[in-house]
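Worksheet: the structure to be examined is printed underneath.
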Amino acid sequence: MFNKIGGLINYWHVIALSSELEKGKSLKRSLYQIPVLLWRDKASQVHALLDVCSHKKAPLEVCDFAQNHVLCQYHGWKYNDEGRLIDIPSSQHLIQKMKCKVDNYSIIEQNGFVWIYLDTENSSKSSPEALIEVSSENWKHYQTSMLFETNEELLVENFMDATHTPMVHDKLIRDNDKKTKHSITITQTSETVHVSYAETNEKIGLGLDWMLGGNLRVSHTDEFLMPNLVRVNYYINKIHRFQAFIACTPLQDGQTIAFVRLSFQFKWFNSLIKLVIPFLAKKVLKQDFIITQKQFANMQIFKEKPDQNIDYDAMHNKVKKIRNNKINSLTTSAETTSQQIDLTL
């Protein structure tokens, strides 16, 4: 079942927004084509089981949110939240003799996300780290998700790729009519790729010059974090103003959910931005959906046609190499490497 993900099984994955799981409600979701049954019990705790009965492989459903009992929809076999068999309606005398169990998964809720750990044989040595850096009261947040028709590798590439923004998000993120030269540093470790854009005079987004004054000095960073996470930070006049944190969670090949948390601090303009950011986020994500859907469809047709890369694409190749090494359980050098390039956006 895990032959396509290999070492990625040893990482925490975002599987849902916390808001998707109300108390006493369940949710079914696939991860790498693995069906998972999630539910929030009467005490507000989230649980997760492999969504398959050990008898005849029928799906499961939660039948008791107080006692956390799960029922097979076919023959009525019942399990507890640990996946242990507790009832066979037709053959109760066999319950103690049966050596079967449904896999249960470790769950952690953090920053509005539900994280799952897929390795049921070994417990995680860590929890999801403080990947989301902004939590002070000065920051406001907006969370959403969207299903994309592409794979997680291409979606990670899209969210890290600044060169597509003047074309796909013209006037929303960058202005295609106003080019700016950038000096970029790409730094790689064994599990991360960090892309730093040096400070420039650049117009980013809608109305920032009106809110913050003219002659804005802008810098930003794009980061890849294992297994499929992207973190984007913008600094305006050296003040951290905006962060996008995106988890690209694969349901199956060609279907990936982007779980997005947008954080911002613009002082007295926070309330105004919170009103407009759902509209802007939806528009940007829809634009990304359209282009990545077309790209993925073409890649299925032209699998044998090699890409013609430029130096900027080095970061995508580094991400791909890190992920492939983890999938194939290969050792990646812990040495930090750095590369500088120039780019016009």
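Kindly list the number of the only condition in (1) open to solvent by less than 80 Å² (accessible area, probe 1.4 Å); (2) not in a strand (DSSP E or B) that fails for Lys294.
Result: Lys294 fails condition (1) only.
Yes/no per residue for (1) more than 30 Å from Lys179 (Cα to Cα); (2) at pLDDT 95 or above:
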site	(1), (2)
Phe296	no, yes
Pro306	no, no
Ile310	no, no
Ile322	yes, no
Asn328	yes, no
Thr331	yes, no
Ser338	no, no
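Would you say Pro128 is assigned to a loop (DSSP other than H, G, I, E, B) and under 30 Å from His194 (Cα atoms)?
On the way: assigned to a loop (DSSP other than H, G, I, E, B): yes; under 30 Å from His194 (Cα atoms): yes.
Answer is yes for this residue.
In the set Leu330, Leu272, Leu285, Leu280, which member is out of contact with any Cys (no Cβ under 8 Å at 6 or more places or on another chain), over 22 Å from Val193 (Cβ atoms) and free of Cβ contacts under 8 Å to residues at least 40 places away in the same chain?
Values: Leu330 fails: over 22 Å from Val193 (Cβ atoms); Leu285 fails: free of Cβ contacts under 8 Å to residues at least 40 places away in the same chain; Leu280 fails: free of Cβ contacts under 8 Å to residues at least 40 places away in the same chain.
Answer to the check: Leu272.
Would you mention how many residues in the range 162-193 are hydroxyl-bearing (Ser, Thr, Tyr) and open to solvent by less than 20 Å² (accessible area, probe 1.4 Å)?
The initial filter retains those residues of the range 162-193 that are hydroxyl-bearing (Ser, Thr, Tyr), namely 163, 165, 180, 183, 185, 187, 189-190, 192.
Retained after the next criterion (residues that are open to solvent by less than 20 Å² (accessible area, probe 1.4 Å)): 165.
The qualifying residues number 1.
Please pick out the residue among Gln45, Gln73, Gln96, Gln92 that is polar (S, T, N, Q), farther than 21 Å from Glu121 by Cα and modelled with pLDDT of 95 or more. Spell out the reasoning first.
Details: Gln73 fails: modelled with pLDDT of 95 or more; Gln96 fails: modelled with pLDDT of 95 or more; Gln92 fails: modelled with pLDDT of 95 or more.
Among Gln45, Gln73, Gln96, Gln92, only Gln45 is polar (S, T, N, Q), farther than 21 Å from Glu121 by Cα and modelled with pLDDT of 95 or more.
Which residues, taken from the range 68-85, are assigned to a strand (DSSP E or B) and crowded, with 17+ Cβ neighbours inside 10 Å? Steps first, answer last, please.
Taking the range 68-85 and keeping what is assigned to a strand (DSSP E or B), we get 69-72, 78-79, 84-85.
Val70, Leu71, Cys72, Lys78, Tyr79, Leu85, listed by residue number.
Rundown of residues vs (1) of a type in the set (Lys, Arg); (2) more than 16 Å from Thr120 (Cα to Cα); (3) open to solvent by 70 Å² or more (accessible area, probe 1.4 Å), yes/no style:
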site	(1), (2), (3)
Leu31	no, no, no
Trp39	no, yes, no
His55	no, yes, no
Ala66	no, yes, yes
Asp87	no, yes, no
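Take the residues in the range 104-123 that are under 18 Å from Tyr32 (Cα atoms), in contact (Cβ under 8 Å) with a residue 12 or more places away in the chain and in a loop (DSSP other than H, G, I, E, B); name whichever of them is most open to solvent (accessible area, probe 1.4 Å).
Thr120
(1) acidic (Asp, Glu); (2) outside any helix (DSSP H, G or I); (3) surrounded by 17 or more Cβ atoms within 10 Å (Cβ to Cβ): which one isn't true of Asp288, the others all being true?
Of (1) acidic (Asp, Glu); (2) outside any helix (DSSP H, G or I); (3) surrounded by 17 or more Cβ atoms within 10 Å (Cβ to Cβ), only one is false for Asp288: (2).
Does the range 136-161 hold any residues that are open to solvent by 60 Å² or more (accessible area, probe 1.4 Å) and more than 21 Å from the chain's Cα centre (by Cα), and which are they?
Glu137, Asn138
Listed residues His182, His194, His164, His169; which is touching a residue at least 24 places away in the same chain (Cβ under 8 Å), over 24 Å from the mean Cα position of the chain (by Cα) and within 26 Å of Lys318 (Cα to Cα)?
Values: His194 fails: over 24 Å from the mean Cα position of the chain (by Cα); His164 fails: over 24 Å from the mean Cα position of the chain (by Cα); His169 fails: over 24 Å from the mean Cα position of the chain (by Cα).
Of His182, His194, His164, His169, the one residue that is touching a residue at least 24 places away in the same chain (Cβ under 8 Å), over 24 Å from the mean Cα position of the chain (by Cα) and within 26 Å of Lys318 (Cα to Cα) is His182.
From (1) in a strand (DSSP E or B); (2) over 18 Å from Glu109 (Cα atoms); (3) under 30 Å from the mean Cα position of the chain (by Cα); (4) among the aliphatic types (A, V, I, L, M), pick out the condition that doesn't hold for Leu38.
(2)
Could you list, ordered by first residue, the pairs with Cβ atoms under 8 Å in which the first is in the range 291-316 and closer than 26 Å to Glu191 by Cβ and free of Cβ contacts under 8 Å to residues at least 60 places away in the same chain and the second is open to solvent by 60 Å² or more (accessible area, probe 1.4 Å) and not in a helix (DSSP H, G or I), at least 6 apart or interchain?
As it stands, the answer is Asp313/Asp307, since those pairs meet every condition given.
The values are calculated or read from the model by the stated rules, or taken from the named source; none is laboratory data. This structure is a prediction, so every number in the text was calculated from the model and none was measured. All Cβ positions, even for glycine, are placed from backbone atoms using ideal geometry, and neighbour counts span all protein chains on display. Remember, those area values only see protein heavy atoms, side chains included, never the ligands or the DNA or RNA. Shrake-Rupley method; radii C 1.70, N 1.55, O 1.52, S 1.80 Å.
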